[in-house]
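Participant: Attaching a single structure in structure tokens format; questions to follow.
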Amino acid sequence: MSIRNVVSVVGLLLVFVGLSMLSAFAVSLLYRDGDSLALFLAAVVTMASGFTAYRLTGVEADISPRDGFAIVTFAWGATAVFGALPYLFTGALDSFWAAVFESMSGFTTTGATVFAEIESLPHGILFWRALTHWLGGMGIIVLAIAILPYLGVGGMQLFKAEVPGPTPERLRPRITQTAKLLWLVYVGLTGAQVLLYMAGEMGAFDAITHTFATLATGGFSTKNASLGHFESPYIQYVTILFMYLAGINFTLHFRAASGRLEYWKDVEWRFFSGVLAVATVLLVAVNLLAGTYAPAALEASVRDSLFTAVSLTTTTGFVTADYEVWAPGAQMVLFGLLFVGGMAGSTGGGIKAVRVLLLLKQSAMELRKHLHPRAVLLARVGRHVVPESVLANVIGFVILYLLCFGAGALALSFLGMDLLTAVGASAATVGNIGPGLGAVGATDNYGWMSGPALAILSFLMLVGRLEIYTVLLLFLPETWKRRRGGRRVG
């Protein structure tokens, strides 16, 4: 691994993060909230630190796969730390780990927050929270590849290390072209949602910030009651639509924009949509039978169930109803959705629908092997045979995912957290979902937690956003060894 490559590229990305902070500074000036100077200083410190790191190092060779894993991991870690400066400099938060947690939650599009009172925050901070979502949704590395030709060398290694899914898909031969096209679709959907929100009489500031949170499947809101504050079925249905679109592979959106509607042809899309449909039906039925909703409130029951199912499955985390008062059966359905996630190539987190689908197919195939031990059985997705290497990768990923979830819950329980909250918080952060169960449910926040607990959850958010392998590979000693002349040296 080349440490110089890692420090240099991370420094360049920090310059971009600092430039992004200037937009929050501009918003603060516009609303005259009094935090302008603090936001400007945070931007200057971030840019200066990044520029210094870049100038003192410089890329010495092509970026290798091991460099790519390290760059992506340390870039996201550094982004979260420097992204915490606006909270600390403005005094919005006075705890380092609380600020890092909020920043990491934003960039990883988790949407978990330590703020109990959101509406009292200045506009500059509210905009920065939303912007961290939007930048992290498509990926700060993918954005850098799209706008910095410098990173065209070795860009594929960064793309593979960051983009979610078992097999990152390229839309064009050059990876920079692929990154630009993905961001073009992302920006287009962002503009469309802002206009639809404003058509529903949502103010421009709220429309922009909530759109950033929706398209990134993040969940940060400018209101204490999240989307429930607006009490508008129209706004909720618009949000449902765009949460759903954000949970779909953006390659399919690009093809649709190019005149090729191929959603139904995609097996993962059919599975993902089917899970949402079945979950919604179950939630409506259980809540009606339990009396949570009266039969006369069928539309509200369907809307709240659909909203919650889409929000948790896509890992957005917006809420319109307190699902902790729903029937236990409904809560179990929601708990299961925490482990599904969006499609590969979407901005959603979680295990990803395609991996769940492959696991189910692999399990069915193993059952059939017991009946036909001599038969040659192959796992298929549509008409394509899934290579054994992909199946092994998926199984390994899910095992590591569950181990991280279990280890996180265990660590939180050692800190004195009750079982339901520890399990809910671990699942919600490693899956980049936001709201969990227990004391971190739909109407709660993470602000009451200790520094060590917030540090653990921040790490889980990073691991979940970077698809487990990218981060855990850095714990292997051989990752840090350097190759010279084809030989490995320490």
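Quick note: the coordinates plus some simple rules give every number you see, no bench work behind them. Since this is a predicted model, take the numbers as computed values, not measurements. As a convention, Cβ positions derive from the backbone with ideal geometry for all residues, glycine included, and neighbour counts pool all protein chains shown.
Participant: Just round it to a whole percent: the fraction of Cα-Cα distances in region 347-490 exceeding 24 Å.
Facilitator: Result for the distance tail: 49 percent.
Participant: If you wrap a convex hull around the C-alpha atoms of region 380-459 and split its volume per residue, what is the figure in Å³?
Facilitator: Expressed per residue, the convex hull around the Cα atoms of region 380-459 is 102 Å³.
Participant: Sticking with this one: Convert each backbone phi in region 392-407 into a coupling constant with the Karplus relation 6.51 cos²θ - 1.76 cosθ + 1.60 (shift: θ = phi - 60°), then list the ³J(HN,Hα) values in order as whole Hz, x for Gly and Pro.
Facilitator: 5, 4, 5, 4, x, 4, 5, 4, 5, 4, 5, 5, 5, 4, x, 5
Participant: Placing +1 at every Lys and Arg Cβ and -1 at every Asp and Glu Cβ, with all other atoms neutral, what dipole size does region 354-488 have around its Cα centre, in debye to the nearest 20?
Facilitator: With Lys and Arg at +1 and Asp and Glu at -1, about 1060 debye.
Participant: Another question, if that's okay. Calculate the length of the line joining the C-alpha centroid of region 35-95 to that of region 430-485, in whole Å.
Facilitator: Spelled out, the Cα-based centre of one part sits 18 Å from the other.
Participant: Listing Thr314, Thr239, Thr108 from the residue with the fewest other Cβ atoms within 10 Å to the one with the most, what is the order?
Facilitator: Listed from fewest to most nearby Cβ atoms, that is Thr239, Thr108, Thr314.
Participant: Could you tell me, in Å, what Rg and Dmax come out for the Cα atoms of region 293-402?
Facilitator: Rg and Dmax of region 293-402, Cα atoms, are 17.9, 57 Å.
Participant: On the Cα set of the chain, report Rg and Dmax in Å, please.
Facilitator: Rg, Dmax (Cα atoms, Å): 22.0, 74.
Participant: Once you have the Cα-Cα distance between Ala300 and Ser232, take 0.36 nm times their residue separation minus that, and quote the gain in nm to one decimal.
Facilitator: Stretched out fully, the Ala300 to Ser232 stretch lengthens by 23.4 nm.
Participant: Using a Förster distance of 25 Å, how high is the FRET efficiency between Glu388 and Trp480, based on the Cβ-Cβ distance and rounded to 0.05?
Facilitator: Efficiency for this residue pair is about 0.25.
Participant: I would also like to ask the following. What are the ³J(HN,Hα) values, in whole Hz, obtained from phi via the Karplus relation 6.51 cos²θ - 1.76 cosθ + 1.60 with θ = phi - 60°, for each residue of region 462-469 in sequence order, with x given for Gly and Pro?
Facilitator: 5, 4, x, 5, 9, 6, 6, 4
Participant: Would you mind checking the radius of gyration and Dmax of region 250-354 based on alpha-carbon positions, in Å?
Facilitator: Over region 250-354's Cα set, Rg and Dmax evaluate to 15.0, 47 Å.
Participant: Now a separate question. Positive end of the dipole of the chain, charges at C-beta (+1 Lys, Arg; -1 Asp, Glu), about the Cα centre: which of Gly345, Gly382, Ala256 has its Cα farthest in that direction?
Facilitator: Working it through, the farthest residue towards the positive pole turns out to be Gly382.
Participant: Could you state the orientation-averaged shadow area of the convex hull built on the Cα atoms of region 232-281, in nm² to one decimal?
Facilitator: Value for region 232-281: 4.0 nm².
Participant: So if I take the alpha carbon set of region 76-127, get Rg, then get Rh from the Kirkwood formula, what is the Rg over Rh ratio?
Facilitator: Using Cα coordinates only, the ratio equals 0.92.
Participant: Show the residues, 5+ positions off or on another chain, whose built amide H is closer than 5 Å to the amide H of Ser346.
Facilitator: Amide H neighbours of Ser346, under 5 Å, 5+ apart: Phe250.
Participant: Place +1 on the Cβ of every Lys and Arg and -1 on the Cβ of every Asp and Glu in the chain, take the dipole about the Cα centre, and give the residue among Phe212, Asn445, Val471 whose Cα lies farthest towards its positive end.
Facilitator: Among Phe212, Asn445, Val471, the one farthest towards the positive end of the dipole of the chain is Val471.
Participant: Let me ask something else about it. Which order results if Ile240, Ile468 are arranged by neighbouring Cβ count within 10 Å, fewest first?
Facilitator: Ile468, Ile240
Participant: Could you tell me what a quarter of the Cα convex hull surface of region 1-98 works out to, in nm² with one decimal place?
Facilitator: Reported value for the Cα convex hull: 6.3 nm².
Participant: Also, I was wondering about something else. Quick one: putting +1 on the C-beta of Lys and Arg, -1 on the C-beta of Asp and Glu, what dipole do you get for the chain around its Cα centre, in Debye to the nearest 20?
Facilitator: Roughly 2440 debye, rounded to the nearest 20.
Participant: Same structure, new question: Under 5 Å between amide hydrogens, which residues at least 5 positions from Val381 or on another chain qualify, with H placed 1.01 Å from N in the peptide plane?
Facilitator: The answer is Val386.
Participant: Here is a follow-up. Pulled fully out, how much extra length does the chain show between Leu22 and Tyr263, if you take 0.36 nm times their separation in residues and subtract their Cα-Cα distance?
Facilitator: Contour length minus Cα-Cα distance gives 82.9 nm.
Participant: What ³J(HN,Hα) values, in whole Hz, does the Karplus curve 6.51 cos²θ - 1.76 cosθ + 1.60 give for region 317-325 when θ = phi - 60°, with x put for Gly and Pro?
Facilitator: Calculated HN-Hα couplings, in order: x, 5, 9, 10, 9, 7, 6, 6, 9 Hz.
Participant: Also, quick follow-up: First obtain the Kirkwood hydrodynamic radius of region 183-291 from its Cα pairs, then insert it into the Stokes-Einstein equation at 37 °C and 0.692 mPa s, and state the resulting D in µm² per second as a whole number.
Facilitator: The diffusion coefficient I find is 213 µm²/s.
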